[in-house]
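Visitor: To start, I am sharing the structure in question, which I have written as structure tokens.
The values are calculated or read from the model by the stated rules, or taken from the named source; none is laboratory data. Note that the coordinates shown come from a computational prediction; the quantities given were computed from them, not determined experimentally. Positions of Cβ are generated from backbone atoms using ideal geometry, with glycine treated the same way; all protein chains shown enter the neighbour counts. With ligands, DNA and RNA removed, areas are computed over all heavy atoms of the protein, side chains included. Shrake-Rupley method; radii C 1.70, N 1.55, O 1.52, S 1.80 Å.
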Amino acid sequence: MRAVWITKPGPSSVLEVRETPTPEPGPGEVRVKVAAAGLNFAEVSARKGMYPDAPPTPCIVGYEAAGVVEKLGEGVREPAVGTRVMALIRFGAHADHVVIPASQAMPIPDAMGFEEAAAIPVNYLTAYHILFRIAPLRPKQRVLIHMAAGGVGTAALQLCRTVPDVVTFGTASASKHDHLRAQGCTHPIDYRSIDYENEVRRLTDGRGVDLVLDPLGGRDFRKGYRLLRSAGHLVCYGFANGQGPGGRTPLKLVGALAQTPLYHPLSLMGDNRAVAGVNLGHLWHEQEMLLEELAAIVKLWEAGAVKPVIDGVYDFAHAAEAHERIEYGRNVGKVILKP
Ligand SMILES: NC(=O)c1ccc[n+]([C@@H]2O[C@H](COP(=O)([O-])OP(=O)(O)OC[C@H]3O[C@@H](n4cnc5c(N)ncnc54)[C@H](OP(=O)(O)O)[C@@H]3O)[C@@H](O)[C@H]2O)c1
């Protein structure tokens with residue numbers, strides 16, 4: 001099979017498409033012929049050598065894919081050969097074929113395209129898990145969403161629309177504000193030209209927000225916490241401020257770490273605020289929880305309430321371009337790799 005290899009940490013030129021032995025499914029596993037795979041901020045960080053959970057290089061990454069089950073391992077009956085599925089995968093999805101535990105392969109509706117299905121697991125699970133499990137969203141709440149035009153941000157905006165009268169504040173470059181409005185964002189904010197903390201305070205008459213979705217880290221955790229009203233939640237799920245385009249950026253990382261606040265339980269109690277963390281890549285032991293959430297997302301898709309926005313589809317030979325699209329912040333919605 002062919003796969004996109006990260007040959008060593010570095011810029012997008014370290015990516016190579018190589019012939020690799022096609023994996024065989026073991027007991028309890030299935031082999032999926034990949035039709036489309038999602039590309040995420042995490043895999044781009046892995047290529048730069050800035051993602052602690054990545055396998056050692058040379059490696060094949062890829063947290064999600066959609067395709068057709070083509071071979072069953074010992075003891076597996078479902079999903080049957082020929083079933084169209086999507087899955088959250090512990091790496092290896094950027095390949096023609098991937099082997100996964102049978103329990104992780106979720107059948108997809110006939111009407112759902114593979115590219116759309118590949119855009120769902122990481123982005124929608126992250127947003128859904130935050131909005132409906134960690135800090136359950138209620139009508140009329142106010143939510144601040146950072147990186148709002150990206151994959152997770154777009155999913156979060158769509159999911160907020162499923163709860164009545166939720167008011168959203170989305171930070172993104174000004175050129176992406178039409179996209180934000182189309183996804184239901186009440187107040188797009190150009191964080192590059194104005195201080196979003198002041199702007200959110202102004203727009204809420206000083207009251208602040210109920211929930212902050214923060215994948216930026218560093219001093220933004222501080223700003224988000226300050227913006228919380230009583231009973232508000234700051235959910236931390238990324239550290240994008242710790243890196244920049246190109247290879248490793250250790251100075252940026254150290255700078256962002258130095259600006260990261262520490263929260264004492266007694267101050268949280270005194271402030272009536274909650275700080276929570278989410279890392280989908282550390283939830284492999286909670287398959288039941290993830291599958292329940294993924295099933296709920298598929299139901300919302302069937303009802304027309306959510307729909308992935310695809311920024312672009314790149315074949316493996318153009319994987320470097322796909323990486324750069326995310327690395328340089330050009331994407332609006334999801335970047336897809338196609339064997
Ligand atoms: N913990 C988890 O389980 C989990 C799961 C999925 C994703 N994440 C995290 O969620 C974040 C978003 O992921 P994604 O895949 O949705 O990203 P994405 O689609 O690549 O979105 C990136 C966009 O964010 C904006 N941005 C704002 N500040 C940025 C910064 N400091 N560095 C880079 N981009 C910045 C850029 O747009 P503009 O600046 O033009 O607006 C960029 O286009 C990442 O931090 C990722 O690690 C975490």
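Visitor: So for the range 66-214: antiparallel DSSP bridges make up what percent, rounded to the nearest 5?
Guide: Restricted to the range 66-214, the bridges split so that about 35 percent are antiparallel.
Visitor: Now, a different point. Just flag the chymotrypsin sites (Phe, Trp or Tyr not before Pro) in the range 250-339 sitting in loop per DSSP whose Cβ has no more than 13 other Cβ atoms within 10 Å.
Guide: Hits after loop and neighbour filter: 328.
Visitor: Can I ask one more? Among 140/307; 176/223; 223/299, which pairs are too far apart, with a Cα-Cα distance over 26 Å?
Guide: Over 26 Å apart, Cα to Cα: 223/299.
Visitor: Related question: Restricting to the chain, compute how many DSSP beta bridges are antiparallel as a %, nearest 5.
Guide: 55
Visitor: Which value at 222 nm does the chain reach when only helices count, each DSSP H run of 4 or more adding -39,500 (n - 2.57), with the total divided by all residues and rounded to the nearest 500 deg cm²/dmol?
Guide: Roughly -8000 deg cm²/dmol at 222 nm, from the helical runs in the chain.
Visitor: Right, something else. Taking the chain as a Gaussian network, where each spring joins two C-alpha atoms under 10 Å apart, which residue of 249, 204, 171 fluctuates the most?
Guide: Taking springs between Cα atoms under 10 Å, the residue moving most is 204.
Visitor: Could you order 332, 278 so the one with the most accessible surface comes first? Probe is 1.4 Å.
Guide: Sorted descending by solvent-accessible area, the residues read 332, 278.
Visitor: Could you pull out every one of the aspartates and glutamates with an alpha carbon less than 15 Å from that of residue 338, ignoring same-chain neighbours closer than 8 positions?
Guide: List returned: 16, 64, 96, 115, 116, 311, 315, 321.
Visitor: Out of 257, 39, 180, any idea which swings most in a Gaussian network model of the chain, alpha carbons joined below 10 Å?
Guide: 257
Visitor: Straight-line reach only, C-alpha to C-alpha below 19 angstrom: list the lysines that residue 48 could link to, leaving out same-chain residues fewer than 8 apart.
Guide: Straight-distance partners of residue 48: 8, 252.
Visitor: Let me ask something else about it. Would you check the accessible area of residue 99, probe 1.4 Å, heavy atoms only, in square angstrom rounded to 10?
Guide: 40
Visitor: Also, quick follow-up: For the range 123-281, what's the relative contact order in percent, using C-alpha pairs closer than 8 Å and at least 6 residues apart?
Guide: Computed over the range 123-281, the figure is 19 percent.
Visitor: Still on this structure, I have one more. Round to the nearest 10 and report in Å² the accessible area of residue 129, as given by a 1.4 Å probe over the protein chains' heavy atoms.
Guide: 10
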